[in-house]
Amino acid sequence: MRRGDVCLRPRNVAMDHHFFDVGGAHVSRLEDFRLITGAGCYASDWNLPGQAHACFLRADRAHAKILKIDTAAARKAKGVLAVYTGEDAVQAGYVKPMTFLTFAGKDGMKARIPSRPVLAHGKVRFVGDMVAMVVAETALQAQDALELIEVEYEDLPVSISPWDTLSGSAPQLHDDVPDNLVFEQEAGDAAVVNEAFAKAAHVTKLKLDCTRVVPHPMEPRACLVAHDSGSDVYTVHVPVQGINMMKMQLSGYTGVPEDKLRVMAKDVGGGFGQRSIAYPEYAAAMLAAKALNRPVKWISTRSESFMADSHGRAAFITGELALDKDGRFLGLRLDWIADLGAYLHPAGPVSPMRNPVVCLTGVYKIPALFGRWRVALTNTAPVSAYRGAARPEMAYTIERLVDEAAAQMKIDPAELRRRNFIPPEAFPYKTPTGSVYDIADFPAILEKALKNADVAGFDKRRAASEKSGKLRGLGFATVIENSGAGMFPKDEILLEVAGDGRITAYSVSHSQGQGHETTFAQIIADALGIPAERISLKQAINEKPLTGNHTGGSRTIVGAGTVCHLAGKKLIEVATPLAAEMLGVEPSQVAYAKGEFQSKESTKKVSLGDIAAKKPLTVTGEGKFGSTFPNGCHVAEVEIDPQTGVTEVLSYVTVDDCGTVINHTIVEGQMHGAVAQGWGQIFGENVVYDNDTGQLMTGSFMDYAMPKAGWIRDMKIYDHATFGTISPLGVKGMGESGCTASLGALTNAVMNALRQQGVPPLDMPLTAHKVWQALVTAKKGQ
Ligand code: MCN
């Protein structure tokens with residue numbers, strides 16, 4: 001396959017290959033030369049003449065009334081242009097972020113969205129809450145002046161646990177959110193589930209904490225905001241996942257109409273869901289830019305990221321699985337509490353309320369499902385979507401229950417899964433909660449994973465480990481997730497042909513590292529039969545207003561990616577009569593191939609560039625697509641040193657179905673990155689707040705264990721694709737699949753090793769200390 005080709009597969013045929021053997025389908029990324037030679041342009045690389053600099057004073061306590069803020073000394077400090085507080089935010093009306101949780105919950109409950117003036121007004125509610133903003137000639141002057149601001153607080157009782165805040169006796173965080181309960185919903189049928197449990201031969205129950213983590217894009221948060229007093233237009237340079245999403249939220253927060261907002265971005269150094277949010281800092285900078293009539297720039301420090309960027313996961317889940325005597329699943333019951341911190345980001349509550357319901361049955365036929373979800377507020381940083389956005393938590397819960405049930409019932413965990421898989425012939429499969437899984441082949445994926453992980457040879461390897469005093473474990477997870485869809489009515493891609501035949505594609509979906517410049521170019525090139533290098537992608541152009549979703553929810557390949565294909569085909573359609581005119585023949589007499597039109601009767605040719613040189617040649621492709629359901633099986637093998645509790649992951653095998661693979665190099669990289677994030681969460685990452693004071697105890701990389709490259713080795717990545725039916729390309733999203741599967745696979749492997757020693761189910765993070773302690777306790781109890 002030559003560079004630029006898309007590997008398209010026949011419909012509904014399972015594909016079988018190991019990425020490393022695919023040769024030409026490994027297309028190098030077009031953007032990488034720019035990015036790895038330091039020629040990228042990130043938010044802090046933007047500068048404007050006359051710009052001033054902002055710094056934020058953040059609360060040093062988790063819950064307190066603000067009695068007084070004295071800014072007089074700061075205002076007089078060298079270089080200071082202005083100091084803003086909550087009063088200014090309230091006066092501007094920048095007081096309430098929008099929410100995407102618009103559907104009704106239990107008994108018609110509407111989400112209770114607390115106010116959040118962009119600078120705290122009256123109260124602070126988490127360590128890192130913004131109390132004041134100083135704008136000065138330089139960032140250092142602004143920072144120095146912060147220290148001159150005096151705030152008088154009256155401390156209030158703190159609660160960092162959603163169990164406490166929902167208990168009814170905890171301090172009330174917001175007057176407009178009674179009992180700190182933002183939302184409650186139920187899904188499934190409680191009565192049917194109760195019946196299933198009543199007749200079960202076995203019930204497995206687990207209480208699981210899915211830890212709070214801080215997503216850490218390499219590029220810290222930043223913004224540069226300019227306001228044009230003539231047109232009243234704000235230009236906001238920020239790291240984004242898509243400009244439309246940012247405009248919509250900024251407009252929702254500030255009341256500035258979307259057509260008065262220009263959002264600018266070029267390269268974005270990581271997103272993970274965290275960069276899809278319009279943070280209050282951006283709105284505060286808008287306020288200052290207008291008032292001062294100067295551009296205002298802010299660059300976050302890494303400490304601020306820990307405190308005040310959105311956090312991820314933070315779910316407390318009780319799961320129960322009912323089985324008959326042969327291990328067939330009868331019912332699943334969940335009780336899920338989402339801790340969303342002190343305020344709500346727009347997408348914060350919607351992910352845990354929607355995604356787990358969509359995939360509640362996992363890859364299994366479970367006839368009876370019921371779940372209860374509650375969204376709680378706590379005195380902690382706000383939580384929002386983080387790679388997987390509650391799909392990993394859901395898959396983790398099911399996969400831990402399945403493994404635990406297998407151990408309790410003494411059934412081989414692979415066999416238990418085989419007995420319960422939705423069979424390939426059942427697709428399209430409508431789940432009890434109403435989702436339609438279009439196509440998948442779970443049994444084949446499992447068998448392929450077991451084979452490639454050499455599960456048959458595991459007992460031998462375990463015996464060898466035992467001889468050297470180590471505990472060996474093997475675990476897997478077979479998972480499915482929803483990807484694609486989106487809140488905008490459609491996705492659009494604009495193609496513009498230049499006279500030299502080069503094509504510029506415009507998209508509102510914005511890469512944060514996924515590699516859209518390459519895959520979009522590949523898809524358009526395939527549709528047009530031209531080299532991908534002739535196509536360049538522009539991702540944040542306000543002058544060409546397009547509708548479309550942001551990059552997130554693994555939706556881009558399905559949405560904007562498919563539209564690239566449709567736009568390419570449309571371009572041929574639109575250009576054909578123009579070519580016919582130039583060739584002096586009827587359109588029906590024109591054939592297209594490889595960027596050129598030719599009359600069937602002569603050798604004369606007209607290229608796309610020739611047409612564009614004569615008259616503008618642009619088309620907008622569009623399409624709307626529903627959810628796709630990527631799925632897979634990941635197998636982890638670990639060895640634990642019982643003397644130290646240190647776990648080493650010896651091998652990690654993935655087999656995934658993301659439909660047609662457009663670019664194997666990218667998909668492999670995505671899998672690596674996402675599994676590394678799961679790995680980080682299972683073995684180290686964990687945000688810790690002090691229980692009594694709400695102080696952030698893990699506020700730097702000294703205390704917060706990010707996964708390191710050396711932790712993650714020997715990953716073998718395979719695919720086993722079925723041709724997805726949602727997109728004509730047969731693609732399914734996959735950017736989050738590694739997170740979704742790895743939490744369960746890694747934990748199941750560790751538990752497989754520890755269970756033999758009598759260790760009861762443990763929760764993440766499985767740190768050396770926790771594992772060692774559990775082994776010691778288990779030994780004492782024997
Ligand atoms: N792809 C492909 N063939 C497929 C499916 C995907 O070649 N069948 C390619 C796509 O063209 C794209 C990449 O794989 O280059 C991921 O595609 P997709 O699954 O559509 O996911 P998105 O592009 O929508 O990316 C979102 C997803 C999410 S939700 C998070 S969070 C995330 C992620 O991707 N954050 C990332 N990957 C990331 N990668 C980097 N480097 N940085 C982030 O912040």
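The values are calculated or read from the model by the stated rules, or taken from the named source; none is laboratory data. In this text, all values refer to a predicted model and were calculated from it rather than measured experimentally. Quick reminder, even Gly has a Cβ in these numbers, built from the backbone with ideal geometry, and neighbours come from all protein chains shown. Surface areas here come from the heavy atoms of the whole protein model, side chains and all, with no ligands, DNA or RNA. Shrake-Rupley method; radii C 1.70, N 1.55, O 1.52, S 1.80 Å.
Within the bounds of the stretch 265-276, is there any residue that is more than 16 Å from the ligand (Cβ to nearest atom) and either modelled with pLDDT of 95 or more or acidic (Asp, Glu) (or both)? There is no residue in the stretch 265-276 that is more than 16 Å from the ligand (Cβ to nearest atom) and either modelled with pLDDT of 95 or more or acidic (Asp, Glu) (or both). Specify the residue that is farthest from the ligand (Cβ to nearest atom); the eligible residues are those in the stretch 483-502 that are outside any strand (DSSP E or B), open to solvent by 10 Å² or more (accessible area, probe 1.4 Å) and more than 16 Å from residue 623 (Cβ to Cβ). Here the answer is 499.
Of the candidates 406, 376, 395, 464, the single residue that is of a type in the set (Gly, Ala, Ser), modelled with pLDDT of 95 or more, surrounded by fewer than 24 Cβ atoms within 10 Å (Cβ to Cβ) and under 30 Å from residue 338 (Cα atoms) is 406. Would you mind listing the strands (runs of 3 or more DSSP E) fully within the stretch 112-226 where at least 1 residues are under 31 Å from the mean Cα position of the chain (by Cα)? Correct list: 130-136, 181-188, 202-213. Number of residues in the stretch 621-653 that are of a type in the set (Val, Ile, Thr), more than 14 Å from the ligand (Cβ to nearest atom) and assigned to a strand (DSSP E or B) equals 6. Applying the criterion of being within 16 Å of residue 283 (Cα to Cα) and touching a Lys or Arg at 6+ places or on another chain (Cβ under 8 Å) to the residues of the stretch 257-273, the residue that is surrounded by the most Cβ atoms within 10 Å (Cβ to Cβ) is 263. Go through the residues of the stretch 503-510 one by one and say whether even a single one is within 16 Å of the ligand (Cβ to nearest atom), open to solvent by less than 30 Å² (accessible area, probe 1.4 Å) and hydroxyl-bearing (Ser, Thr, Tyr). Yes, the stretch 503-510 has at least one match. Taken as a whole, the condition of being within 24 Å of the chain's Cα centre (by Cα), away from the ligand (no atom under 16 Å from the Cβ) and crowded, with 24+ Cβ neighbours inside 10 Å does not apply to residue 433.
Yes or no, residue by residue, for (1) out of contact with any Gly (no Cβ under 6 Å at 6 or more places or on another chain); (2) in contact (Cβ under 8 Å) with a residue 24 or more places away in the chain; (3) open to solvent by 30 Å² or more (accessible area, probe 1.4 Å):
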site	(1), (2), (3)
54	yes, yes, no
57	yes, yes, yes
62	no, yes, no
74	yes, yes, no
80	yes, yes, no
83	yes, yes, no
90	yes, yes, yes
121	no, yes, yes
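Quick one: in the stretch 469-482, which of the residues that are more than 16 Å from the ligand (Cβ to nearest atom) and in a strand (DSSP E or B) is nearest to residue 558 (Cα to Cα)? Full working, then the answer.
Initial filter on the stretch 469-482 (more than 16 Å from the ligand (Cβ to nearest atom)): 469-478.
Pick out the ones that are also in a strand (DSSP E or B) and you get 471-478.
Values: 471: 43, 472: 40, 473: 37, 474: 34, 475: 31, 476: 27, 477: 25, 478: 22 Å.
The qualifying residue nearest to residue 558 (Cα to Cα) is 478.
Taking the stretch 241-256 as the range and being under 19 Å from residue 44 (Cβ atoms) and either touching a Gly at 6+ places or on another chain (Cβ under 8 Å) or open to solvent by 20 Å² or more (accessible area, probe 1.4 Å) (or both) as the test, only 241 passes. Per the conditions (1) open to solvent by less than 20 Å² (accessible area, probe 1.4 Å); (2) within 25 Å of the chain's Cα centre (by Cα); (3) without any contact (Cβ under 8 Å) to a residue 60 or more places away in the chain, the sole criterion not satisfied by residue 527 is (2).
How many residues, within the stretch 280-294, are touching a His at 6+ places or on another chain (Cβ under 8 Å) and either buried (at least 24 other Cβ atoms within 10 Å of the Cβ) or small (Gly, Ala, Ser) (or both)? Write out each step before concluding.
Restricting attention to the stretch 280-294, the residues satisfying the condition of being touching a His at 6+ places or on another chain (Cβ under 8 Å) are 286, 289-290, 293.
Narrowing the set further to residues that are either buried (at least 24 other Cβ atoms within 10 Å of the Cβ) or small (Gly, Ala, Ser) (or both) leaves 286, 289.
Residues meeting the conditions: 2.
Each row is one residue, and each column tells you yes or no for (1) surrounded by fewer than 18 Cβ atoms within 10 Å (Cβ to Cβ); (2) closer than 24 Å to residue 515 by Cα.
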| residue | (1), (2) |
| --- | --- |
| 571 | no, yes |
| 575 | no, no |
| 580 | no, no |
| 588 | yes, no |
| 600 | yes, no |
| 607 | no, no |
| 612 | no, no |
| 616 | yes, no |
